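Novice: Before I ask anything, let me first share the structure, which is written out below as structure tokens.
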Amino acid sequence: MFLRKSTRTLVRMTAAEPNYQSQITNSFDSHPAFCFPYGMELRKDPITRSWVITGDDVIEPTPRSGACRFCGPSAQPAQTVATLPGLEGGAWSARSVVHPHALYHIEGEPGRRGDGLYDRMGTVGAHEVLLENPRHDGHLWNASDAEVEQFLRLAAQRIQDLKRDSRMKYVSIFKNYGVGAGQEFEHPNSQLTATTFVPRRVLYELRAGRDYFDTKERCVFCDILAQEERQGLRMLETRGDYAAFCPYAPRVPYESWILPRSHESSFERTGSSRVGSVADLASLLRRTLQRIRTVTESFHLVLHTSPNSQHLSSALGYWKTLDEDYHWHIEILPIVDAKAKSYTFKEVYYSPVTSETAVKRLREAKV
Ligand SMILES: [Zn+2]
Ligand SMILES: [Zn+2]
Ligand SMILES: [Zn+2]
């Protein structure tokens, strides 16, 4: 029984992960003293299958000072990755630079190897700071729609570019704003990481999307949005082909999602696919953040888009329905002063405000 099960597992994993054979070989002669460059490494939890970054080379937090490293007289030169041209004569409108203390580095191979039953690999990937606006006070909620649109276009371009690299399995874009959210730089920014694995939450969503599609042959996100629009209990606003709503089972009070109303798996196709205009998305993002800011200063924002499926030899090559079963979206997780257990007791999320109540307050906000 045990043998049969283990053989089956091996076959299944070989199909899903082409490099599995070499990992097995490595696992028998793995070198415990092996060290990856940069001091940090990725380790996989064999139970939940999620990757963590660990290492004893603790990164010093960027000291907070009055001077901005990205603009003004005290600006420090940063390694620019991409720049979008300025609006109305400015030098630039949105810009991507290498993170000054990057968690992931573009050079080399991940060097994935076994360590007995465990898996580890180097921190190969990319870590960029996306400067949303040349102005130090040009935030997504007070910038013009045209400026927010430039930022969204930059984000799409960076994802597209990094997905051409077959080592990169996923590109994350996120924003931490406010002290409570662990904001790193004063200048209006989001961050990007490209990783050789798909982060855990996205993997859950991808698997759930595929399972739903398997039985219903419909996209679960499209179905959720259709029901939300029909019921109108948790809808925040729609603008053109984009909608914002508070999810039925929020992880934190005032959690809000933005997604296209026409099905689309990949954010980076925004602006080039049939899905509506980026200007509508920019406007909806700006207005939703304005609403959130009437409740709290601090928030996390994350973009969930499809993983890198351009390279068929990768682990996702067998995933035939990915474009139909996944649907990109932005999640905004406000940080409100609620009872401490909502943030410390994460085994079960606890949200002391229902989405039906939250949406009323957010709808009333003056934007
Ligand atoms: Zn600045
Ligand atoms: Zn959909
Ligand atoms: Zn998501």
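The values are calculated or read from the model by the stated rules, or taken from the named source; none is laboratory data. For clarity, every value in this text was computed on a predicted model and none was experimentally measured. Virtual Cβ from ideal backbone geometry, glycine too; neighbours counted across all protein chains shown. The protein model used for the area step is the full one, side chains on, heavy atoms only, and it has no ligands, DNA or RNA in it. Shrake-Rupley method; radii C 1.70, N 1.55, O 1.52, S 1.80 Å.
Novice: Would you confirm, using the coordinates I've provided, whether residue 226 is more than 16 Å from ligand 1 (Cβ to nearest atom), open to solvent by 30 Å² or more (accessible area, probe 1.4 Å) and outside any strand (DSSP E or B)?
Specialist: In short, yes.
Novice: Could I ask something else about it? Of the residues 177, 212, 204, 248, which is under 30 Å from residue 126 (Cα atoms) and within 16 Å of ligand 3 (Cβ to nearest atom)?
Specialist: Step by step, each of 177, 212, 204, 248 is checked, and only 204 is under 30 Å from residue 126 (Cα atoms) and within 16 Å of ligand 3 (Cβ to nearest atom).
Novice: Looking at (1) within 16 Å of ligand 3 (Cβ to nearest atom); (2) within 18 Å of the chain's Cα centre (by Cα); (3) within 30 Å of residue 337 (Cα to Cα); (4) buried (at least 23 other Cβ atoms within 10 Å of the Cβ), find the lone condition where residue 267 falls short.
Specialist: Condition not satisfied by residue 267: (3).
Novice: Only one of 267, 245, 299 is touching a residue at least 12 places away in the same chain (Cβ under 8 Å), in contact with a helix residue (DSSP H, G or I) (Cβ under 9 Å, 6 or more places away or on another chain) and under 19 Å from residue 145 (Cα atoms). Can you tell me which?
Specialist: Checking each option against the conditions leaves just 267.
Novice: Across the stretch 70-87, what is the number of residues that are at pLDDT 90 or above and closer than 25 Å to residue 123 by Cα?
Specialist: Residues meeting the conditions: 4.
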